1. About the Cα centre, and with charges only on the beta carbon of Lys, Arg (+1) and Asp, Glu (-1), how big is the dipole of the stretch 213-346? Nearest 20 debye, please.
2. Answer with one residue from Asn184, Gly237, Gly226: the one whose Cα lies farthest towards the positive end of the charge dipole of the stretch 151-268, charges on Cβ with Lys, Arg +1 and Asp, Glu -1.
3. Set Lys and Arg Cβ to +1 and Asp and Glu Cβ to -1, take the dipole of the chain about its Cα centre, and tell me which of Ser296, Asn123, Leu154 lies farthest positive.
4. Enumerate the calculated ³J(HN,Hα) couplings along the stretch 27-37 in order (Karplus 6.51 cos²θ - 1.76 cosθ + 1.60, θ = phi - 60°), each rounded to whole Hz, writing x wherever the residue is Gly or Pro.
5. Which of the peptides 198-207, 101-110, 218-227 is most tightly packed, and how do the rest follow, going by the mean number of other Cβ atoms within 10 Å of each residue?
6. Calculate one ³J(HN,Hα) per residue across the stretch 206-219 by plugging θ = phi - 60° into the Karplus curve 6.51 cos²θ - 1.76 cosθ + 1.60, and present them in order as whole Hz with x for glycine and proline.
7. Considering the dipole of the chain built from charges on the beta carbon (Lys and Arg +1, Asp and Glu -1) around the Cα centre, which of Thr199, Thr306, Leu141 is farthest to its positive end?
8. What aspartates and glutamates could a cross-link reach from Lys16, if we take a straight Cα to Cα line under 19 Å and drop same-chain neighbours fewer than 8 places away?
Amino acid sequence: MPYIGNTAADRFVASKAATQFSGDGSTTAFTLEHSVGADEDILVSVDGVVQEPSVAYAVSNGTTLTFTAAPSSNSGNNIFVYYLFRTVGTVSHPSNNALSASTGTFTGDLTVDTDTLKVDSTNDLVGINTATPSDMYYNELVVNSGDEGGITILDTSSGQSALAFADGTSGNARYRGRILYDHNTDSLSIGTAGEQYWTMDSAHIITTPKQPAFLVQPASAQTNFGADGNNDTVAFGTERFDVNADFASNTFTAPVTGKYMLCVNLYLTNLDSVDLYYQMTLFTSNRNYFYAFDVSSADSDPNRFTFQVNVLADMDASDTATVGVLQSGGSAQTDIAVESYFSGFLAC
């Protein structure tokens, strides 16, 4: 059968088995004729004495032999290097062939199709659809989405998916801040300090279970308050609810700066009709809000009257709000009924 293929080589050239150098008492680096992969791949002798690998010498860059101490300058070639193993070449993977491997390590940058994926190993940055993630302010992971692009977190119809912000490796420090979607209930939650504080359900109803809100009433009637024209603080001894525990000692204290909706309904009984007036005041740290009633024109003592103040008040963190009532003269006979109330919540 005839031979098929390239013509067989008819002669071979053997690589040199040893290299000789001459020491001069000062030179420590010598260039090898063959690339080697480790210090133990060569046997080195100086003046007939075999040298210990990695102690007396080392090989760097595959072809550079470096001695710890400069060999002597004895006459002639007094340094012998014998090649036990050698790196004879490198293999390049064909660019149009698939590469399959179970593991891999890249010591430099990784670029896939110009900018489909860019791993900047120098700055520890990753870019998707961008070759320059370092251009962005938050740049550890940059996704250039383009029109109608984005990132998808895929889960089952009964699972939960989240984007977490961590500041530790145990407990809720692993999700100190969190955006969570519950596929089972179709609800979206946002949390801080390791807890969920804001939730939108499947009907698009938003609940904020930690939002400051309160409703308080007198525990009993406050009878015969003063008629000397000075404000008496209204006592609200019963808390119907106090979501963030911001109400105490008849005082609401704003936990954060914002706009607070404050509502007061003061139900007075046994008013005096002499030449006088009543005034209710909602005291806040930034401004006071009033409601006054002149009863001098009444033919007889009114049996009951309701004072109301409803205001969107500007309050700074730690500002307070209290309710006061005064009577400008007459008899101290007027009472504050238990049906009175004071309520409020953080609006924005």
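1. 320 debye
2. Farthest towards the positive pole: Asn184.
3. So the residue we want is Asn123.
4. So the J values, rounded to whole Hz, are 6, 10, 10, 9, 9, 7, 8, 9, 7, 10, x.
5. So the order, starting with the most tightly packed, is 218-227, 198-207, 101-110.
6. Couplings: 9, 10, 10, x, 9, 5, x, 7, 8, 8, 10, 9, x, 6 Hz.
7. In the chain, that residue is Leu141.
8. Cα-Cα hits under 19 Å: Glu33, Asp39, Glu40, Asp41.
None of the figures in this text is laboratory data; all of them are computed from the coordinates on show. As the structure is a prediction and not an experimental result, all values here were calculated from the model. Cβ: placed from backbone, ideal geometry, glycine included. Neighbour counts: every protein chain shown.
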